[in-house]
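Nothing in this text is a laboratory measurement; each read-out follows from the coordinates by a stated rule. In this text the structure is predicted, and so the values were computed from the model without any measurement. Reconstructed Cβ throughout: ideal geometry from the backbone, glycine too, with neighbour counts over all protein chains shown.
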Amino acid sequence: MKRDTERLDQPVITLARTDAATLYEDLTVRQALDDIRRRGIGEKIVYFYLVDAEDRLSGVLPTRRLLTAPLEMHLSDLKLARVSALPHTATVLQACEAFVLYKFLAFPIIDESKRVAGVVDVTLLSEEAFDIAERERTDALFESIGFRIWQVRGASPTRAFRYRFPWLIATIACGMIAALLASVFEMTITGSIVLAFFLTLVLGLGESVSIQSMTVTIQALRSARPTFGWYLRALRRETGTALLLGAACGAVVGSLAWLWRGSAITGFSIGASIMLALCSASIFGLTVPALLHALRLDPKIAAGPVTLALADIFTLLFYFGLAALLL
C-alpha cells in the first residue's frame, strides 16, 4: 500500500505525453487541416486544444466537430470555451479522480501561464487501476502465507528473518503434529501401503479447498459484518459446496485407487476420507478468518498458516482413522 500511495502522489506531468494537439484559434478549418498534415500530429488524438496568439489555452475542439465543420469556418467559432484542464502540479491520483468525475477521454496539463505542457488520456486511469489491482493480488498471496510484502521488500536479511521465521515455526509445529499422527497409525500404514501412495494427493486437496474457502471468506469480510446469522448462512453455503467437491473428488480418486489396486474397500476408504477432509477444510477456511475478524485480529495475515495447519491435521485424522476402521 505504501508503494501505491507513492505512485498516486507522483506528479502527473511526469507521465504526460508531450505531443498535445494544439491549434491556433484564429485558423480556419481548412488551414487547421493543412497544419495537421504538415506537422504530423501523433496518432492518439482525442481532442484538439486551441491556443491564442500567446499560446495560452483558450478552448477545446473535439476531433469529430473539426472534421465535419465547413472548411472556411474559424476554429474560434467551433471551440468549446469551457475547458477542464489539470494544473502541472496535479498528482496521478487527482488526474484519476478527474477522469472518473468528468468522464472525459483526455485532459490537457497547463502551467502557471495557462500554456499546454502536456496531455494525459484515459489509459492512465486504466493502467493505474490495473497496476494497483495486480499489486493487491500479489500482496494477498504473500498475506495468505503469513506476512505482507512491504515488510520484506528491500529488508535486511535479519529483518526479513524476523518476519518470516515465526510462521515457519507454525509450519514446523503442524508438521510435527502430522508426523505424530502418522506414527499413531503406523500399523495401519504398514498393513495397507497403498495409503502412502495417495497421502500427498489427499493433503493437497484439503489444502486447496481450505485456501479457496479462506480467500472467499476474507473477500466477503471486507463488505459484510460477520454476525452469527451471517456465519450460519455462509456455513450452510460452504458445507453444500464442500459436499459436492468432496463427493466428486472422492469418487474420482477412490475409483482410481480401486481400479489400480483391485480393492473396492480401499477405494471406498480413500474416497470417503477425501470427502470428509474437504468438508472439514472448507469449514476451517470459513471459520478461522471469521473468528479472527471477530477477535479484531487481521485475518489476512494469520488465517493462512492456521487454516492450512488445521486442514492438514484433520485430513490426516480422517484419512488414517477411516483406514484403521475399514482396512
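Data table
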quantity	calculated
Quarter of the Cα convex hull surface for segment 185-326, i.e. its orientation-mean projected area (nm²)	8.3
Mean separation of Cα contacts under 8 Å, 6 or more apart, over the residue count of segment 185-326: relative contact order %	36
Segment residue 54-residue 18, extension gain: residue separation times 0.36 nm, minus the distance between their alpha carbons	11.1 nm
Gain in span if fully extended, residue 201 to residue 251, counting 0.36 nm per residue against the direct Cα distance	16.6 nm
Two-site label geometry, residue 158 and residue 327: point separation in nm, points 7 Å out along Cα→Cβ	5.0
Segment 62-106 versus segment 240-303: alpha-carbon centroid distance in Å	57
Burial ordering of 258, 230, fewest other beta-carbon atoms within 10 Å first	230, 258
Fewest-first sequence of 46, 306 by Cβ atoms within 10 Å of each Cβ	46, 306
Neighbour-count ranking [beta-carbon atoms within 10 angstrom, fewest first] of 103, 114	103, 114
Modelled label reach - residue 263, point 7 Å along Cα→Cβ, segment 171-199 residues with backbone N closer than 17 Å	185-199
Restricting segment 193-286 to trypsin sites (Lys or Arg not before Pro) in coil, as DSSP defines it, with at most 16 other Cβ within 10 Å	222
Size of charge dipole - segment 185-326 - debye, nearest 20, with Cβ of Lys, Arg +1 and Asp, Glu -1, no other charges	540
Inter-label distance, nm, simple model (7 Å from Cα along the C-beta direction), residue 46/residue 243	5.2
Cβ-Cβ FRET estimate between residue 35 and residue 103, R0 fixed at 25 Å, reported to 0.05	0.30
